[in-house]
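Written out below as structure tokens is the structure these notes cover.
The values are calculated or read from the model by the stated rules, or taken from the named source; none is laboratory data. Predicted model only: the values in this text are computed from it and were never measured. Note that each Cβ is placed from the backbone with ideal geometry, even for glycine, and that neighbours are counted across all protein chains shown. Note: areas computed on protein heavy atoms with side chains; ligands, DNA, RNA excluded. Shrake-Rupley method; radii C 1.70, N 1.55, O 1.52, S 1.80 Å.
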Amino acid sequence: MTNYRILRYDTLESTNKKAKECAHILKDKDVILAKEQTDGKGRMGRTWISQRGADLIMSLVLKPKIPAEIVSQITLIVAMAVCDGLEKVGKNAYDREARPLIKWPNDVLISSKKVCGILTESLFMGERVGYVVVGVGVNVGSEEFHFSIEKKAGSIKTQWGLDIKIEKLLDEILKAFDKHYERFVECQGVKYLIDSYNSRLVSFNKEVFVKDRKGICRGINEKGELMVEFDDEIETICAGEVMTEAK
Ligand code: BTN
């Protein structure tokens, strides 16, 4: 078991909302866990739907002593921790084809289906980082998805056919996160994991489209930015820029 303090709730509007409201009284590495969300938030104003009691819904509160400009890289180490945690609980139950992969920067996929989304929200006080709230939603036992996402979404159950206990997965993710967090703060960034991250990158060395331009994904750099090669020139892509895999 990890020594993270886990604050458990039955129903919340959103664990990220609760974490932000309570951030002033929470400590570094406190976790807000809920069985159900009534207004789960996704990125870009989207809604995040989980099934009550079947999926992992949590927000991690962080108060790291790091420069504000590297905060966005925390999403990358959380995605890695989710993949590591998934591999632990699914050990030997899947083949290489079904290895958890990352769609930079926020999504974890298993066999091309999104099983996890990450929403990172931060408060800055000048140069200082007030708090970072990392919301993680993992589809664990859900087998049916809202029609708006049914083509893209999957769960551990649908992708691996496994019945995994939410608490076990949470524990493995937090254990993996703890190792990454320590190294991240020590190295002041993601330089320590570039190769392992790129090996999990779904589009690494593949053709991708960025705003209708075709390029080749060359992985992340030391700042955690995604590099894409267009006509022999490397450009870095900002999170939020539309990027799809070329057919
Ligand atoms: C995305 O893929 O758009 C990000 C989804 C993040 C969902 C999680 S569930 C726990 C936490 N609370 C929220 O309201 N959202 C995040």
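Less than 5 angstrom separates the built amide H of Val208 from those of Gly215, Ile216, Cys217, Ala246, all sequence-distant by 5 or more or on a different chain. Basic side chains Lys and Arg get +1 at the Cβ, acidic Asp and Glu get -1 at the Cβ, and with that the dipole of the chain about its Cα centre reaches some 500 debye. Placing +1 on each Lys and Arg Cβ and -1 on each Asp and Glu Cβ, with no other charges, gives the range 140-223 a dipole about its Cα centre of roughly 500 debye.
Provide the packing ranking of 82-94, 56-68, i.e. peptides ordered by the mean count of other C-beta atoms within 10 Å per residue, highest first.
56-68, 82-94
As a length-normalised measure over Cα pairs under 8 Å and 6 or more apart, the relative contact order of the chain settles at 17 percent.
Here the accessible area is traced with a 1.4 Å probe on the protein chains. For the chain, carbon and sulfur cover 49 percent of it. Taking Arg99, Arg200 and ordering them by how much accessible surface each has at a 1.4 Å probe, largest first, produces Arg99, Arg200.
Within the listed set Arg183, Arg213, Arg43, the residue fluctuating most in the Gaussian network model of the chain (springs between alpha-carbon atoms under 10 angstrom) is Arg213. Heavy atoms of the protein chains alone define the surface here; on that basis the range 33-108 has 45 Å² accessible area per residue at 1.4 Å probe size. Relative to one another, the C-alpha centroids of the range 185-209 and the range 127-143 are positioned 20 Å apart. What residues qualify as long-range amide H neighbours of Leu201, i.e. H under 5 Å apart, gap of 5 or more or another chain, H built at 1.01 Å from N? Amide H to amide H, under 5 Å and 5 or more residues apart or across chains, Leu201 pairs with Ile102. Counting only Cβ charges, +1 for Lys and Arg and -1 for Asp and Glu, the dipole size of the range 1-121 around its Cα centre is about 80 debye. Each residue was assigned an accessible area with a 1.4 Å probe, and for Met44 the value is about 120 Å².
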